[in-house]
Amino acid sequence: MVNEIFTLDDLRRILREGAGTAEGTDLDGDILDAGFEELGYESLALLETASRIEREYDIALDDSALADARTPRDLLEAVNARLRASAA
């Protein structure tokens with residue numbers, strides 16, 4: 001079942017499943033505006049995350065959406081925009 005909204009909890013789950021959690025990183029804290037690099041996720045981890053999101057939510061993310069997503073908030077906005085466009 002696909003949700004209409006991609007939440008921070010969804011992102012946390014997918015990050016943990018795909019790339020794990022860096023030692024000393026608390027994904028359960030206030031991470032919305034923390035940089036992915038600060039959270040321990042480099043470009044390969046984000047590519048894996050995007051791939052998992054695309055498969056699970058049956059959407060295609062633009063390369064620029066992923067490249068421009070510096071924080072979880074940025075990625076949530078990009079995914080939700082794509083979900084809204086797909087539903088229209």
Filter region 1-58 down to residues that are hydrophobic (A, V, I, L, M, F, W, C) and open to solvent by 60 Å² or more (accessible area, probe 1.4 Å) and give me whichever is farthest from residue 71 (Cα to Cα). 1
Name the residues in region 59-88 that are in contact with a helix residue (DSSP H, G or I) (Cβ under 7 Å, 6 or more places away or on another chain), farther than 21 Å from residue 29 by Cα and part of a loop (DSSP other than H, G, I, E, B), would you? 59, 60, 61
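The values are calculated or read from the model by the stated rules, or taken from the named source; none is laboratory data. Note that the structure is predicted; figures quoted are calculated from it, not measured. Quick reminder, even Gly has a Cβ in these numbers, built from the backbone with ideal geometry, and neighbours come from all protein chains shown. Quick note on the areas: whole protein, heavy atoms, side chains included, nothing else; ligands and nucleic acids left out. Shrake-Rupley method; radii C 1.70, N 1.55, O 1.52, S 1.80 Å.
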